[in-house]
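Working notes for the structure below.
The values are calculated or read from the model by the stated rules, or taken from the named source; none is laboratory data. None of these values were measured; they are calculated from a predicted model. Note that each Cβ is placed from the backbone with ideal geometry, even for glycine, and that neighbours are counted across all protein chains shown. Areas reflect the complete protein model, heavy atoms only, side chains present, ligands, DNA and RNA absent. Shrake-Rupley method; radii C 1.70, N 1.55, O 1.52, S 1.80 Å.
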Amino acid sequence: MLKPEFWRGRSVLVTGHTGFKGAWLATWLERLGARVSGFALAPDRSSSPYELLRPALVREHIGDIREPGPITYFLQDVEPEIVIHMAAQPLVRLSYAQPVETFATNIMGTVHLLDAVRACPSVRAAVVITTDKVYENKEEGRPFREDDALGGHDPYSSSKAGAEIVTASYRASFFRSEGSACIASARAGNVVGGGDWSADRLIPDLVRALAAEAPICLRYPRSVRPWLHVLEPLAGYLALAQKMIQQQEAAPAALNFAPDPAMSYTVADVVERFGAEFGGRPGWIQANGDHPREAALLRLDPTEASRQLGWRARLDFDTTIRWTAEWYRDHMAGTDMRGYTIDQIERYAALVTAEQET
């Protein structure tokens, strides 16, 4: 599935490299020997591990994807072969407070990125990262497949569904001719892992509750989500980009990356498993008051990712939450988190390699 030798010396542009997933991806690409460039907003120390991980970049531009000029000029300057588009407004609850900014970033930002790709002959593959929430969720219990209807009740989800439509339109309109770049989207489950300090996300809220020595308030403790350690979807994005270069005609237009849908866990399950690593703390209580609507049930079908790429979630639920809790525990203890993060990347890569060799 994932071939380290493929990435050695490749020019890769990551948008959103200063965010949670982007910082992990840039660090992994650095370890694979890629020539990594980044385009993103300035890192937010309150929500991102970027300054802790300090990935080595060939080039970096601090800019806003909502403006078309800077990303266009940067692509033409860097001349990447592969683009992984992660720059986004990624928070559901913030999207209620800032709907215009959310739609501008997630929809028009994708337009600007793909138009920049269209004007950059060096690009051979562009992967647009969206979310598990792009589907029209009627909560019927069936895991979503890639050909299910897109939708989204809240501004974040609908903006990411819009990014999917934009991606499909650009692919059909501008990237059909021989020699043009291969364009695909990737939809991942609820991602957890070390270094996320975003507001109104479960793991960061748990870490803050630990520091405050108070139970976490849960809005919807019985909601079911497809939990994934951050390294799982990143492995999928890399494998997808590989296939887009090596087998362009056979490359899929969109893929889900999620755990086995039979493995369903609630928000409360995550809290209790995370707390087990901290002597049962912080515990949880039901949040009072009215809250914005959130889906009670969300599951994805990852069959196509398995069939097309040989991808599957390799970390079970307990390991996913344990690796996450251990990262934060070591951070609290003053550990060098760049070294610790690289260790987790290499442990995960060893799992992938061992499975590929059997």
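What accessible area per residue, rounded to a whole number of Å², is obtained for the chain using a probe radius of 1.4 Å?
Here the residues of the chain average 41 Å² of exposed surface.
For semi-axes √(5λ) of the Cα gyration tensor in Å, several values are listed as [x] 33, 21, 20; [y] 30, 23, 20; [z] 51, 18, 16; flag the one computed from this structure.
Correct label, based on the coordinates given: [y].
How large is ³J(HN,Hα) for each residue in the range 67-73, as worked out from phi by the Karplus curve 6.51 cos²θ - 1.76 cosθ + 1.60 (θ = phi - 60°), to whole Hz, x for Gly and Pro?
9, x, x, x, 5, 5, 5
What percent does the relative contact order of the range 1-121 come to when contacts are Cα pairs within less than 8 Å and at least six residues apart? Please list the in-between numbers first.
Values: 212 pairs, mean separation 32.9, N = 121.
Here the relative contact order equals 27 percent.
Quick one: order M86, M108, M337 from most to least accessible surface, probe 1.4 Å.
M108, M86, M337
Please list, in order along the range 240-251, the HN-Hα scalar couplings obtained from phi with the Karplus expression 6.51 cos²θ - 1.76 cosθ + 1.60 (θ = phi - 60°), rounded to whole Hz, x for Gly and Pro.
5, 4, 4, 5, 5, 7, 7, 9, 4, 5, 9, 6
As a test, work out the antiparallel percent of DSSP beta bridges whose residues both lie in the chain, rounded to the nearest 5.
Percentage antiparallel, nearest 5: 10.
Just to confirm my numbers, what's the Cα centroid distance between the range 234-279 and the range 71-130 in Å?
21 Å
At 222 nm, what helix-only mean residue ellipticity would the chain give, in deg cm²/dmol to the nearest 500, using -39500 (n - 2.57) for each DSSP H run of four or more?
That comes out to -13000 deg cm²/dmol.
Which cross-chain or sequence-distant (5 or more) residues have an amide H under 5 Å from the amide H of E60, H modelled 1.01 Å from N in plane?
Under 5 Å from the amide H of E60: G38.
Mind checking which of S223, G63, I183 is farthest towards the positive end of the chain's charge dipole, using Cβ charges of +1 (Lys, Arg) and -1 (Asp, Glu) about the Cα centre?
I183
Percent relative contact order of the chain, based on C-alpha pairs within less than 8 angstrom and at least six residues apart?
Numbers: 699 pairs, mean separation 61.2, N = 358.
Taking the mean separation of contacting Cα pairs over the length of the chain, I get 17 percent.
Before anything else, pin down the relative contact order of the range 88-155: Cα pairs under 8 Å, at least 6 apart, normalised by residue count, whole percent.
The normalised contact order for the range 88-155 reaches 35 percent.
In whole Å, what is the distance between the alpha-carbon centres of the range 136-172 and the range 286-358?
Each part reduced to its Cα centre gives a spacing of 23 Å.
Could you pull out the pairs from K3/K160; K138/K160; K138/K243 whose alpha carbons sit more than 25 Å apart here?
Correct reply: K3/K160; K138/K243.
Output ³J(HN,Hα) for the range 126-143: one whole-Hz value per residue in order, computed from phi by the Karplus curve 6.51 cos²θ - 1.76 cosθ + 1.60 with θ = phi - 60°, and x for Gly and Pro.
Values, residue by residue: 9, 10, 9, 8, 10, 6, 5, 8, 6, 8, 6, 9, 9, 6, 8, x, 7, x Hz.
When DSSP beta bridges are limited to those with both residues in the range 122-264, what percentage is antiparallel, rounded to the nearest 5?
10 percent
How many percent of the accessible area of the chain is carbon or sulfur, using a 1.4 Å probe?
Carbon with sulfur: 49 percent of the solvent-accessible area.
Could you compute the net charge surrounding A125? Neighbours are other residues with a C-beta less than 11 Å from the C-beta of A125; K and R count +1, D and E count -1.
+2
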